[in-house]
1. I want to confirm something. Restricting to the range 1-15 and keeping residues that are part of a loop (DSSP other than H, G, I, E, B) and within 8 Å of the ligand (Cβ to nearest atom), which single residue is nearest to the chain's Cα centre (by Cα)?
2. Looking at Ala201, Ala137, which is the one that is open to solvent by 30 Å² or more (accessible area, probe 1.4 Å) and either assigned by TED's automatic domain parsing to the domain that holds Lys285 or of a type in the set (D, E, K, R) (or both)?
3. Does any residue of the range 24-45 turn out to be assigned by TED's automatic domain parsing to the domain that holds Phe155, more than 15 Å from the ligand (Cβ to nearest atom) and of a type in the set (Gly, Ala, Ser)?
4. Yes or no: the range 294-305 includes at least one residue that is farther than 30 Å from Gly204 by Cα, modelled with pLDDT of 95 or more and away from the ligand (no atom under 16 Å from the Cβ).
5. Picking from Phe18, Phe79, which residue would you name as being out of contact with any Ser or Thr (no Cβ under 6 Å at 6 or more places or on another chain), in contact (Cβ under 8 Å) with a residue 40 or more places away in the chain and not in a strand (DSSP E or B)?
6. Being closer than 29 Å to Ala362 by Cα, within 16 Å of the ligand (Cβ to nearest atom), open to solvent by less than 50 Å² (accessible area, probe 1.4 Å) and not aliphatic (A, V, I, L, M) is the filter here, so list the residues in the range 236-283 that pass it.
7. Return the only residue of Glu242, Glu246, Glu264 being more than 30 Å from Val304 (Cα to Cα) and modelled with pLDDT under 95.
8. Out of the residues in the range 174-193 meeting the condition of being open to solvent by 20 Å² or more (accessible area, probe 1.4 Å) and hydrophobic (A, V, I, L, M, F, W, C), tell me which one is farthest from the ligand (Cβ to nearest atom).
Amino acid sequence: MRKFAIIGGGQAGLHIGFALLKAGHAVTLYSDRTPAEILGSRIPSTAFLFNSTLDMERELGLNFWEDLVPYGEGMHVDFRDPTGAIGLTVQGRLEGRKGQALDQRTKFSRWLEEFPKRGGKLVIKAVSVEELDQISAENDLTIVTAGKGNINALFERDDQRSVHTKPPRHLAALLLTGPKLMGDRPWLRVPFRPLRFNFVAGAGEFFSLPFYTHTVGECRSVLFEAIPGGPIDRFQNAQSGEELLEIAKGVIREFSPDDAHHFEDVQLTDPNAWLKGAFTPTIRKPVGRLPSGRFVMGVGDTVVLNDPITGQGSNNAARMSKFVIEKILAMGEGSFTPGWVSDVVDTFWHESGQYTSAFTNALLNPPPPSVMEVLVAASQTPAIADKFMQNFDKPSDYWPWLVDLDLARKFIVDNGGHLAA
Ligand SMILES: Cc1cc2nc3c(=O)[nH]c(=O)nc-3n(C[C@H](O)[C@H](O)[C@H](O)COP(=O)(O)OP(=O)(O)OC[C@H]3O[C@@H](n4cnc5c(N)ncnc54)[C@H](O)[C@@H]3O)c2cc1C
């Protein structure tokens, strides 16, 4: 049995914590908030998990909401011009890769309660760098999964892998209930329960997902990704969820008028069901050096932080956690070293992380010709649309055609599509 400490009780920290407990190790997890505080806090995210991530949670016996959370069965995407007129529609099914979006307040508070029941030690404390030094002295490996918490300053920015120097989007999100938002087929022209995406040229994007929260049960999330200074960048001065909702309705009426009736008679699920803000996506080096010279390992958003436009943050954190756990368990009794940490995270980056970040960054910009041709073909050929949407579950599957026009054309033809004239 080895001793591990984990800082942060979110997607990555709890995933790693439960997996290490299952393997028979001693794990202490530090969370800066109690389960009750998390339940009563503002929403931190509106994360949708794809099937592979759900499978990881199923394997750990953590899928307590399996029968409660409505499945997102596919994606219905409209690409619009700056006035909101639709230029292209792509509709694809997730099929075997359908996913679920569960309120992180609901999930992490319950998982934190579960952690001591499975033999873990839970400590409620916002860990400082000084305390981290002491914690790392007492454990075989200390893993920092503090998300966007300030402690991630311990990890140096990786200038080669980071492409952003400022936030590419200003974000605003809400959880809503409404008679025309929920149920199996809320959008009549979509033959499944959709993740509803709108891309508005020059303005940004907004998405609505089938969702579940402890406060009301089934609901829908809406996330706005506003290009800073652009025409939907209207949310940042809002002082309340109600104010944010009024702005949201105005944006939808103006840029996606065909969706507006879905947002009549909607309500926030609870007074805390909203967020706004911005952050700079950043890739950091995974070895954090402490004042004593000891080191800690970063996992999840702490070291691979992407914009939410492609819904990859939690999915990437889970993929990275699974990868790190496998390497920890494969190591047996050997010592953890900074070199080992760098090797593990480099391998993960090359096999998976780099594709997630590159796919995410690609969608923040106007699509290159390779993507544009595939999207046009996807609008005409369902098999291509399905493949495009299913690859969200494993972004490396977009390669190599995502960045190569000839290979993109081959991908279209191989999947029964026609090349644009
Ligand atoms: C608006 C929005 C929408 C999103 N949508 C999606 C989506 O659709 N799909 C998707 O996969 N991802 C999505 N994400 C991203 C996703 O929420 C994150 O990537 C994911 O939660 C990261 O997991 P993590 O464990 O690294 O960090 P977190 O889940 O943020 O957990 C970190 C935890 O550490 C705690 N902590 C911080 N500092 C300390 C400290 N010093 N001591 C102790 N505890 C500490 C924090 O309070 C927090 O509880 C979205 C994010 C946003 C903002």
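1. Step one: of the range 1-15, the residues part of a loop (DSSP other than H, G, I, E, B) are 1-2, 8-10.
Pick out the ones that are also within 8 Å of the ligand (Cβ to nearest atom) and you get 8-10.
On the way: Gly8: 16, Gly9: 16, Gly10: 12 Å.
Within the range 1-15, the match that is nearest to the chain's Cα centre (by Cα) is Gly10.
2. On the way: Ala201 fails: either assigned by TED's automatic domain parsing to the domain that holds Lys285 or of a type in the set (D, E, K, R) (or both).
Result of the check over Ala201, Ala137: Ala137.
3. yes
4. We begin by selecting, within the range 294-305, every residue farther than 30 Å from Gly204 by Cα; these are 294-298.
Then keep just the ones that are modelled with pLDDT of 95 or more; that gives 294-298.
This time we only want the ones that are away from the ligand (no atom under 16 Å from the Cβ), so: 294-295.
Within the range 294-305, one or more residues are farther than 30 Å from Gly204 by Cα, modelled with pLDDT of 95 or more and away from the ligand (no atom under 16 Å from the Cβ).
5. Working: Phe79 fails: not in a strand (DSSP E or B).
None of the other options fit; the residue is Phe18.
6. Selection gives Trp274, Gly277, Phe279, Thr280, Pro281, Thr282.
7. Values: Glu242 fails: modelled with pLDDT under 95; Glu246 fails: modelled with pLDDT under 95.
Of the residues listed, the single one that is more than 30 Å from Val304 (Cα to Cα) and modelled with pLDDT under 95 is Glu264.
8. The initial filter retains those residues of the range 174-193 that are open to solvent by 20 Å² or more (accessible area, probe 1.4 Å), namely 177, 179-180, 182-185, 188-189, 191, 193.
Now narrow it down to the ones that are hydrophobic (A, V, I, L, M, F, W, C): 182, 188.
Details: Met182: 18, Leu188: 24 Å.
Within the range 174-193, the match that is farthest from the ligand (Cβ to nearest atom) is Leu188.
The values are calculated or read from the model by the stated rules, or taken from the named source; none is laboratory data. Only a predicted model underlies this, so the values are computations on that prediction, with no experimental measurement involved. Don't worry about glycine lacking a Cβ; one is built from the backbone with ideal geometry, like all the others, and counts go over all protein chains shown. Ligands, DNA and RNA are stripped out before the accessible areas are found, and what is left, the full protein with its side chains, is counted by its heavy atoms. Shrake-Rupley method; radii C 1.70, N 1.55, O 1.52, S 1.80 Å.
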